[in-house]
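This report refers to the structure that appears directly beneath it.
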Amino acid sequence: MKRFLSIFLVLCLLLSVVGCNKPTEPATGGDTPAPAETPATETPEVSDVIPYDGNGKVAIVTNTLSQNEEEYRSAQQMVDKYGEEKILHVLWPDNFMAEQEQMVSIVSKIASDPEVKALIINQAVPGTNAAVDKLLENRDDIFIVYCTPQENPPDVSSRADLILQPDELKMGDNIPVQAQKLGAKTFVHYSFPRHMSQVLLSTRRELMKAKCAELGIEFVDATAPDPTGDSGVTGAQQFILEDVPKMVAQYGKDTAFFSTNCSMQIPLIKACVDEGAIYPQPCCPSPYHGFPTALGIESGDYSENSLQHVIDETTRILDEKGVLGRFSTWPVPVAMMGTVASTEYAIKWMAGEIADKDTLDIKVLEECMAEYAGVSVVTSPYAETANGDTVTYDNYRLIIMDFLTYGE
């Protein structure tokens, strides 16, 4: 578990916040707000559920449906597949930044169940390390997975057995290049101080600025309200809806927009469609992330057929709106892939198919990802360089994919 690494390097990460069976309520404290108008999903047939084999349980902690539907739905897919005896789905509090004690309580309650042998956290929001530290005081036998962590990578790597996230720094180059391919002459980057205090996100922004300068694209650094602040998610979304038209009026339709926040993607997509602007990628790359709700598409049960339906309908609607060829994303929902692939890996480990908890079997991991994605998936280890020395974290796996451009 590499618990004794102590590397004084500072790089933090990303992503603010983010079906059929009801998730377990968070331990202690208030109720999680009920999601409104969620798309219906079908309850699986009994024959579709893999019987509990007694090897142990997997606990999956996700954000609420209102914060990130993909993370929530990916956990529910695992519940549907393996049953509630095998998979325990638990929710972070909606306003996790103000509920750190509740996060500790949630993880402690999970650890108190001796049958839980794996813990998957998607997203590993700020405060996850403190919650996991409490778990590690009493148990060191749990296989711990962080997806899209937002705390210092060396600290994260010393606690989790597996970390998964998109390669944010590589995106610093890839997203402006994609924006230029879509016709962008200006690039607007929406974020807020909490995200920009995370060095990995601020570093990605600097890489975007440098790449835009190299490509001859004007870079606009725009500050939006923090959805966890006083204005809440609604206020942040309303800001985007009102600000994008102003930006387009100032810089023209050949303006690409990017936001670091999940809850801003729906209004950002809608505003870009309405204004005829450019949208190279959601913060969490996926055909599901923002597109269905913004365009009025039924997401279905998030199966392979549903994914293709969402892609086809997105293409059709963007064509009708006259903006085909100006929107893109990744071909599969990377947030969902993180939950599904790490759950399947953990189940293989619990069944004895993977012998060593502390040494990843990268081949098996990538096979789990490829089975979900339907395409080959290759990961690379996270590395930091300081004073000429490079430290590589083999349990911290970075993911990058080619773009799906609607209309190509």
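Here are the numbers:
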quantity: Exposure proxy ranking, count of Cβ atoms within 10 Å, fewest first, for L215, L318; calculated: L215, L318
quantity: Sequence of I217, I163 once ranked by neighbouring C-beta atoms within 10 Å, starting from the fewest; calculated: I217, I163
quantity: Estimated FRET transfer efficiency (D312, S202; beta-carbon r; R0 35 Å; 0.05); calculated: 0.40
quantity: Full-stretch length increase - E371, A351 - with 0.36 nm per residue and alpha-carbon distance subtracted; calculated: 5.3 nm
quantity: Where Cα atoms sit under 24 Å apart: lysine pairs in segment 244-392 separated by 8 or more or lying on different chains; calculated: 7
quantity: D113-T392 pseudo-label distance in nm [points 7 Å out on the Cα-to-Cβ vector]; calculated: 3.8 nm
quantity: Cα-based reach from K134 at 19 Å (exclusive), listing aspartates and glutamates while leaving out same-chain residues under 8 positions away; calculated: E99, E101, D113, E115, E151, D155, D161
quantity: Estimated translational D of segment 305-408 in µm²/s (Stokes, Kirkwood radius over Cα pairs; 10 °C; 1.306 mPa s); calculated: 98 µm²/s
quantity: Inter-site label distance for S380 and A213 at 7 Å from Cα along Cβ, in nm; calculated: 2.3 nm
quantity: Residue-averaged 222 nm ellipticity for the chain, from DSSP H runs of 4+ at -39500 (n - 2.57), nearest 500; calculated: -12000 deg cm²/dmol
quantity: Virtual spin-label span in nm between D274 and E242, 7 Å along Cα→Cβ; calculated: 1.2 nm
quantity: Length added when fully stretched, V177-I50, from 0.36 nm per residue minus Cα-Cα; calculated: 41.3 nm
quantity: Computed E for E101/R139 - FRET, C-beta separation, R0 22 angstrom, nearest 0.05; calculated: 0.65
quantity: Residue-count net charge about W92 - beta-carbon cut-off 11 Å; Lys, Arg +1, Asp, Glu -1; calculated: -3
quantity: Proximal lysines to K209, defined as alpha-carbon separation beneath 16 angstrom and excluding residues fewer than eight positions away on the same chain; calculated: K170, K185
quantity: Whole-percent pair-distance distribution, where bins are 10 Å wide, for the alpha carbons of segment 218-300; calculated: 18, 52, 27, 2
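The numbers here are math on the coordinates, done by the rules we state, and not lab data. Because the structure is predicted, anything quoted here is derived from the model rather than measured. Reconstructed Cβ throughout: ideal geometry from the backbone, glycine too, with neighbour counts over all protein chains shown.
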